[in-house]
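Beneath this line is the structure, given in structure tokens, with notes to follow.
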Amino acid sequence: MQDTYVHKGKRKILVNYLREKMGIADENVLTAINEVPRHLFLESIFEDFAYEDRAFPILARQTISHPSTVAEQTELLELKEKQKVLEIGTGSGYQTAVLVAMKALVYTVERQKDLHDFSQKKLRELHLRPKFQSFGDGFAGLPTFAPFDKILVTCGAEVLPTELLHQLKIGGTMVIPLGKTEEQTLTRFTKISEKEFEKEEFGAYKFVPMLNNTNH
């Protein structure tokens, strides 16, 4: 698949929708979504629908999130250029690509080997490579590279993974969907001190579950 003028035109329509209908105000987020060819992170049968605000199945019985969900999660990070971001759940690599396009230093972990291999290849092809890409258990994070300015969890956790909070800088933020498998609440934690966190909630979503260990 190529990235054609038709695809680019559909991306502009999507960006206008995210700005005007979904209330996304961070122009850096919108610029990145306008730059990243979402259709290349999907199977070709979904190409014509890639710029609709829909989730689609990807490898390993996982899904790629709605563009509006990607935009909102990214906006909640309040990300600045050159900040270190830990992403839990690389998936097909679309969210990773958006973060890289925003000039963040991205460290990303994926527990599904098929998805890890696919996203690594795709991100390399598009020259949107993260700083570090790992096949491993997201619950463990990447303590070797901690602390991080931001942490983004792209799967729903029933229980708050406290190990990830330890890997945040003071003043840093983590965005994570929290709750049972049927529905999660998009939640942001800001680290005030080593033992103090501010918690904010931003509505109900449905994410694939966050699972322990790796899956070959």
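Values in this text are rule-based calculations from the coordinates and carry no lab data. All figures in this text were calculated on a predicted structure; none of them were measured in a lab. So basically every Cβ, Gly included, is an ideal-geometry build from the backbone, and we count neighbours across all protein chains shown.
Anything over 20 Å Cα to Cα? Flag those among Lys113/Lys169; Lys103/Lys195; Lys12/Lys121; Lys169/Lys195; Lys84/Lys191; Lys103/Lys150, in the order listed.
As for pairs spanning more than 20 Å Cα to Cα, those are Lys113/Lys169; Lys103/Lys195; Lys12/Lys121.
Net charge within 14 Å of His166 by Cβ-Cβ distance, Lys/Arg positive one each and Asp/Glu negative one each, not counting His166 itself?
My count for the surroundings of His166 gives 0.
Mind checking the full-extension length gain between Lys12 and Arg124? Use 0.36 nm per residue of separation minus the Cα-Cα distance, one decimal, nm.
Separation in residues times 0.36 nm, less the Cα-Cα distance, equals 37.9 nm.
Compute the acute angle (0 to 90°) between the alpha-carbon long axis of helix 5-20 and the principal axis of greatest extent of the alpha-carbon atoms of the chain; round to the nearest 10°.
Computed tilt is about 50 degrees.
What list do you get for Ile192, Ile33 if you sort them by fewest beta carbons within 10 Å?
Ranked by crowding around the Cβ, least crowded first: Ile192, Ile33.
Run the simple label-point estimate for Phe132 and Glu35 please: 7 Å along Cα→C-beta, distance reported in nm.
2.3 nm
To make sure I understand, if each residue's beta carbon is the centre and we count other beta carbons within 10 Å, what order do Tyr17, Tyr51 fall in, fewest to most?
Fewest-to-most ranking of Tyr17, Tyr51: Tyr17, Tyr51.
Which whole-angstrom value gives the distance between the alpha carbon centres of segment 84-98 and segment 114-184?
What the calculation gives is 7 Å, centre to centre.
Under 8 Å for C-alpha pairs, at least 6 residues apart: give me the relative contact order for the chain, rounded to a whole percent.
It comes to 16 percent, rounded to a whole number.
Using a simple spin-label model with points 7 Å from Cα along the Cα→Cβ vector, what separation in nm is obtained for Lys180 and Lys80?
4.1 nm
With angles folded into 0 to 90 degrees, how steeply does helix 113-125 sit against the dominant principal axis of the chain? Use alpha carbons for both and round to 10.
Computed tilt is about 60 degrees.
Mind sorting out which of (1) 15.4; (2) 10.8; (3) 13.9 is the real mean projected area of the Cα convex hull in nm² computed from the coordinates?
(2)
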